[in-house]
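Quick note: the coordinates plus some simple rules give every number you see, no bench work behind them. It should be emphasised that the depicted structure is a prediction, and the values quoted were computed from it without experimental measurement. Reconstructed Cβ throughout: ideal geometry from the backbone, glycine too, with neighbour counts over all protein chains shown.
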């Protein structure tokens, strides 16, 4: 393996971006495993492909649009019945910006 | 009995759907404690639907081309009112408010859904060991993995728990377990089968397809589930020719390439020998066989393990404790999101989310994600050249036969290498399938992969039928 490609601190930063809280053990393990993967994928660095157009979709397809007419929609009560917390026909969450609950 | 035979017997009234379904449910009850193919068996619903099909036949109506055929569904396809877990704790307690398009089409064709099958969590894995419900075992040897991520579906068909199962294939998750369990598995052209109601992993790569014991059964199922769907904006807008109709047309005059990049290094010699034997069988049946080369295919794994996690990190942002499944309390919504995701996701899912978040983050986007998308273009261009000279390609499906449970769980990179033969096709959007073709030195099944250009399913199935007949 070559130089270290991702540090423990960077790994912790990425976890925070992804809203994951890792234990010290997880952070140690994932840092090594991510580093190993990044080392493997580094094989593509040498490819001279700057002039190629990036592919988002493999096939030349265009969006398939439905007719613009009202159709069946999901039943609100059925959707909310499976939410962790619902109230007054809405999803309920804890305070977002620190206001009183 | 094959699915085709069951449907014929049920449609003609020779056999009741209820008898068929009871027989398969009996096999599940007897054998699944050892295999653990199913997360959930929907016995009551299955028996009720079988009775309804029998009533239809009695009333002179035709229930359809899959009349009375039991089908097992990978547990990432939405079934209205029936738990759909993706083998993850984070979807605990959730039942979808709608059916996936494939579920609607199966029902409309007279099929009977018998349950939801185990998988690697959110389809991330190659062994079905990354499941919150514990691993599935390979029916050919219960000390081995069934492959993954659709390992439960492959095992269900291999064990005789259902003649048909559906899986999803993002990097090989249908073909590799089909190979390891000794059944037929198909990854259709991207967009041929609607993804509506398939829980998203990597949206530009995911595709649903069948597992069956015979090539003709897979053709029948594909004809039922494929076709345009206005609820999937990436579905191909035109209906395609029936695959079943030309199944027996043979391979006389077809140009078949043996893909050099997936034949040498890293492929077990006993597996490589079966691919050569398959090429010879196609040649004996009239195909013109030659060596083919798509040099950039070797970079498929690297591109895949950046693109798929990047798309996954975005798709899995929706599991935040707000709308479905698990919620772990926190003082604020961000704390609740973090607590829920940290408790609800398993190791492999966390790893992939981290890889994807990293590859998409400021300062690294161009070097990783952007570069991977250009590699994807390179691979597509190489295959486009190959298709000027060849109608089909053959390769191994998996570099080895089924490996032992626990053998690769501590080493993610070793697990990722299991996908080396299958990922290029997901990147290019092409069709591919795995057909069982003999056994390796350990007596376990070997799958041969047949690759076709986009929408090349009819020709691909003709070659699969020839291999099946000559093994």
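Would you order B:195, B:352 from fewest to most other beta-carbon atoms within 10 Å of each residue's own beta-carbon? Don't skip to the end; give the middle numbers.
Values: B:195 24, B:352 27.
Ascending Cβ contact count within 10 Å gives the list B:195, B:352.
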Restricting to Cα atoms and excluding each atom paired with itself, what does the Kirkwood estimate give for chain A in Å? 19.8
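As a footprinting exposure proxy, order B:217, B:347, B:169, A:24 by other Cβ within 10 Å, with the fewest listed first. Intermediate values should be presented prior to the final figure.
Values: B:217 26, B:347 16, B:169 30, A:24 8.
So the ranking, lowest neighbour count to highest, is A:24, B:347, B:217, B:169.
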Please report how far the C-alpha centroid of the range B:153-197 lies from that of the range B:398-419, rounded to the nearest whole angstrom. 19
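Given axes a ≥ b ≥ c from the Cα gyration tensor, I'd like to know whether the range B:80-211 is rounded (a/c under 1.5), prolate (a/b larger than b/c) or oblate.
On the way: a/c = 1.36, a/b = 1.23, b/c = 1.11.
Cα axes put the range B:80-211 in the rounded bin.
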Stick to the Cα atoms of the protein assembly as shown, pair each with every other, and give me the Kirkwood hydrodynamic radius in Å at one decimal. 24.0
Report the Cα-based extents of the range B:3-246 along its three principal axes, largest first, to the nearest Å. 47, 43, 36
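Report, as an integer, the average count of C-beta atoms from other chains found within 10 Å of each Cβ along A:17-28.
Details: counts 8, 13, 15, 10, 6, 3, 1, 0, 0, 4, 0, 0.
The shielding value for this peptide is 5.
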Equivalent ellipsoid, chain B (semi-axes from 5 times Cα gyration tensor eigenvalues, Å): 30, 30, 20
Counting just the Cα atoms, what span does the range B:239-311 cover along each of its three principal axes? Round to the nearest Å and put the largest first. 41, 39, 20
For chain A, take the longest principal axis of its alpha carbons; what is the angle in degrees between that and the long axis of helix A:8-17, to the nearest 10 within 0 to 90? 20
If packing is taken as the average count of other Cβ atoms within 10 Å, what order do B:285-291, A:76-82 fall into, highest mean first? B:285-291, A:76-82
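Work the Kirkwood hydrodynamic radius out for the range B:168-316: mean of 1/r over every pair of different alpha-carbon atoms, inverted, in Å. Mind dumping the intermediate values first?
On the way: mean 1/r = 0.0573 Å⁻¹.
Final number for the Kirkwood radius of the range B:168-316 is 17.5 Å.
Average partner chain C-beta neighbours within 10 Å, per residue of B:224-236? It would help to have the intermediate numbers written out before the result.
On the way: counts 0, 0, 0, 0, 1, 2, 5, 3, 1, 6, 6, 3, 3.
Mean partner shielding for this stretch: 2.
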